[in-house]
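The values are calculated or read from the model by the stated rules, or taken from the named source; none is laboratory data. As the structure is a computational prediction, the values presented were derived from the model and not from experiment. Every residue, glycine among them, receives a Cβ derived from its backbone with ideal geometry; neighbour counts consider all protein chains shown.
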Amino acid sequence: MRQMTEKFLKEAFAGESQAHMKYLAFADKARVEGKPNTAKLFEAIAYAEKVHATNHLRELGEIKSTAENLKTAFEGETFEIDEMYPAYRATAELQNEKGALRSINFALEAEKMHQKAYLETKKTVDTGKDIELSSVHVCEICGCTTENEAPEKCPICNAGKDKFRKF
């Protein structure tokens, strides 16, 4: 692939990915405000943006085997833990941005859980098997992610069990 086409596909992937997430957040807000049909529209278009992003990622050759995808995901989480969020946290602390600091700390602690989950899963996938998993639970406040059972209290933000979404 030529350099400019690759650059543009990467930029398009980033933009479509952001639109996907932004529209899902907008859908949540519309639903809270009692506008379920507007929420539905946001969710449908968010899905379309996901389709676009996935197509771009596929063309870039970045969707590989599950083992390779787990390695890539682990490396991404490691970057966020070791470099990205510590730098962002330092800036938020320096600028006394309490809300940003809380958001960054929530993400950093949850990323550590994600990193461990990817590492453990890759070990199993590398043997040719799938992991044993009945469910995954994610805290809607901080992103804490647990397997098989939600805790009574979130270990990151202290939210109750009722704040965990089951997958």
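Take residue 64 and decide whether it is within 27 Å of residue 2 (Cβ to Cβ) and touching a His at 6+ places or on another chain (Cβ under 9 Å).
no
So which pairs qualify, if the first residue must be in the stretch 143-162 and not assigned by TED's automatic domain parsing to the domain that holds residue 107 and modelled with pLDDT of 95 or more, the second must be of a type in the set (Asp, Glu) and surrounded by 17 or more Cβ atoms within 10 Å (Cβ to Cβ), the Cβ gap must be under 9 Å, and the two must be at least 6 apart or on different chains?
143/109; 143/111; 144/109; 155/109; 156/109; 157/109
When residues of the stretch 85-102 are filtered for being buried (at least 16 other Cβ atoms within 10 Å of the Cβ), free of Cβ contacts under 8 Å to residues at least 24 places away in the same chain and either in the same structural domain as residue 146 (by TED's automatic domain parsing) or not basic (Lys, Arg) (or both), how many remain?
Selection size over the stretch 85-102: 3.
Could you list all residues from the stretch 51-76 that are touching a Leu at 6+ places or on another chain (Cβ under 9 Å) and under 30 Å from residue 108 (Cβ atoms)?
Of everything in the stretch 51-76, those that are touching a Leu at 6+ places or on another chain (Cβ under 9 Å) and under 30 Å from residue 108 (Cβ atoms) turn out to be 56, 57, 60, 63, 70, 74.
Residue by residue through the stretch 113-137, note down the ones that are surrounded by fewer than 17 Cβ atoms within 10 Å (Cβ to Cβ), among the charged types (D, E, K, R) and in contact (Cβ under 8 Å) with a residue 24 or more places away in the chain.
Passing the criteria: only 126.
Quick check on this structure: which one of 34, 61 is farther than 30 Å from residue 121 by Cβ and either in a loop (DSSP other than H, G, I, E, B) or touching a helix residue (DSSP H, G or I) at 6+ places or on another chain (Cβ under 7 Å) (or both)?
Only one candidate passes the filter, namely 34.
Can you give me the number of residues within the stretch 9-28 that are over 14 Å from the mean Cα position of the chain (by Cα) and either outside the structural domain of residue 45 (by TED's automatic domain parsing) or hydroxyl-bearing (Ser, Thr, Tyr) (or both)?
So the count comes out to 1.
Do we find a residue being out of contact with any helix residue (DSSP H, G or I) (no Cβ under 6 Å at 6 or more places or on another chain), over 30 Å from residue 157 (Cα atoms) and of a type in the set (Ser, Thr, Tyr) anywhere in the stretch 85-102?
no
If I ask for residues that are aromatic (Phe, Trp, Tyr) and buried (at least 16 other Cβ atoms within 10 Å of the Cβ), which ones from the stretch 28-73 would you list? Break it down stepwise before answering.
Keep residues of the stretch 28-73 that are aromatic (Phe, Trp, Tyr), which gives 42, 47.
Residue satisfying the conditions is 42 alone.
Within the set of pairs 6 or more residues apart or between chains, which connect a residue that is within 16 Å of residue 11 (Cβ to Cβ) inside the stretch 46-64 to a residue that is among the aromatic types (Phe, Trp, Tyr) and assigned to a helix (DSSP H, G or I) with Cβ atoms less than 6 Å apart?
53/13; 56/13; 57/13
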